[in-house]
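Participant: Please find one structure pasted underneath; my questions will follow.
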Amino acid sequence: MEPSTGTTGTPTAFPHPRRAEDDGAAPCWSPWAVGTLVTTGLLLVGAVVFHTAMVFLSLAPANAVTTRHREVVNAYVQPEFGQDWKLFAPNPQQRNETVGVRLRTARAGGTPAVSGWVNVTAEDIETIRGNPAPSHVHQNMLRRAWDGYVNSHSPKERPQRGRLSELSSTYLKRVVLQRIGREWQGRPIVGLQVAGRFTAVPPPSWTRQQAPDTTTYRVLPWWPVTDQDYREL
């Protein structure tokens, strides 16, 4: 059978079978798949908006909303998302803070031994020194743990914020133990004592202010250490 010819006498090409791909048709999504994608997208957007709003309220100046819902905001933001600055009113650190610890270790057939003071802050700094992208969480974990304890206890170490005071004590202890480990010089740790040392930041060299020469300390009570304190560390 000869191919048909057009009006000019040129043979006309035989047509190929039509395929759906040739029409540029997109694959069909089932209603269930579309609903799942839309729901997931809405949940993600809602989570981002909620998180942003809570962090914003924690940084915003005092207003009717933050005054009424301060406990809810703090419960969400602290300590994982806590910030140390405020919108419209920056409050940078005005002193150098150092957290140290000394340890009580068990000795076979004798009284527990007490170590010298260990500068935990200095060890944290050495860990991140030279790292081009250090962890923000690791840099601030110890300092935030100390601040959380101080802000929830009186100068005489009395709890002032109920359950939060207890949690702040446990959190500070666990952060220190995470740095130190279970043993010190080959002996198990059975107690620890945390202390803070504070020195005011010297003024710039171009000012006439005198550099402060005072250093203050805050020494916390001894805390016992058990296996429960190492859980999930």
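Condition check ((1) free of Cβ contacts under 8 Å to residues at least 12 places away in the same chain; (2) under 20 Å from N74 (Cα atoms); (3) part of a strand (DSSP E or B)) across all residues:
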residue	(1), (2), (3)
G130	yes, no, no
G148	no, yes, no
S169	no, yes, no
A195	no, no, yes
D213	yes, no, no
Q228	yes, no, no
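Participant: Kindly indicate the residue of the range 50-68 that is in a helix (DSSP H, G or I) and open to solvent by 90 Å² or more (accessible area, probe 1.4 Å) and also modelled with the highest pLDDT among those meeting that condition.
Facilitator: Applying the filter and picking the extreme gives F50.
Participant: Hey, another quick one. For the range 190-215, which positions are over 24 Å from V150 (Cα atoms) and not small (G, A, S)?
Facilitator: Passing the criteria: P203, P204, W206, T207, R208, Q209, Q210.
Participant: Here is a further query. Output the number of residues of the range 187-225 satisfying the condition of being within 23 Å of V175 (Cβ to Cβ) and surrounded by fewer than 10 Cβ atoms within 10 Å (Cβ to Cβ).
Facilitator: The number of residues fulfilling the criteria is 1.
Participant: For the range 86-122: of the residues being modelled with pLDDT of 80 or more, under 19 Å from the mean Cα position of the chain (by Cα) and outside any strand (DSSP E or B), which is farthest from V225 (Cα to Cα)?
Facilitator: Going through the qualifying residues, I end up with T121.
Participant: Listed residues R187, R218, R174; which is more than 23 Å from R95 (Cβ to Cβ), in contact (Cβ under 8 Å) with a residue 24 or more places away in the chain and touching a strand residue (DSSP E or B) at 6+ places or on another chain (Cβ under 6 Å)?
Facilitator: Sole residue among the options that is more than 23 Å from R95 (Cβ to Cβ), in contact (Cβ under 8 Å) with a residue 24 or more places away in the chain and touching a strand residue (DSSP E or B) at 6+ places or on another chain (Cβ under 6 Å): R187.
Participant: Based on what the data block shows, is Q209 farther than 17 Å from L142 by Cβ and polar (S, T, N, Q)?
Facilitator: yes
Participant: With the checklist (1) open to solvent by 60 Å² or more (accessible area, probe 1.4 Å); (2) under 17 Å from R144 (Cβ atoms); (3) of a type in the set (F, W, Y) in hand, flag the one item W184 doesn't pass.
Facilitator: Looking at each condition in turn, W184 falls short on (2).
Participant: Can you go through E71, E80 and tell me which one is among the charged types (D, E, K, R), modelled with pLDDT of 85 or more, within 30 Å of S165 (Cα to Cα) and open to solvent by 100 Å² or more (accessible area, probe 1.4 Å)?
Facilitator: Of E71, E80, the one residue that is among the charged types (D, E, K, R), modelled with pLDDT of 85 or more, within 30 Å of S165 (Cα to Cα) and open to solvent by 100 Å² or more (accessible area, probe 1.4 Å) is E71.
Participant: Could you please find all residues in the range 114-150 being in contact with a Leu (Cβ under 9 Å, 6 or more places away or on another chain) and among the acidic types (D, E)?
Facilitator: D124
The values are calculated or read from the model by the stated rules, or taken from the named source; none is laboratory data. Predicted model only: the values in this text are computed from it and were never measured. Here Cβ is always computed from backbone atoms with ideal geometry, including for glycine, and neighbour counts include all displayed protein chains. The protein model used for the area step is the full one, side chains on, heavy atoms only, and it has no ligands, DNA or RNA in it. Shrake-Rupley method; radii C 1.70, N 1.55, O 1.52, S 1.80 Å.
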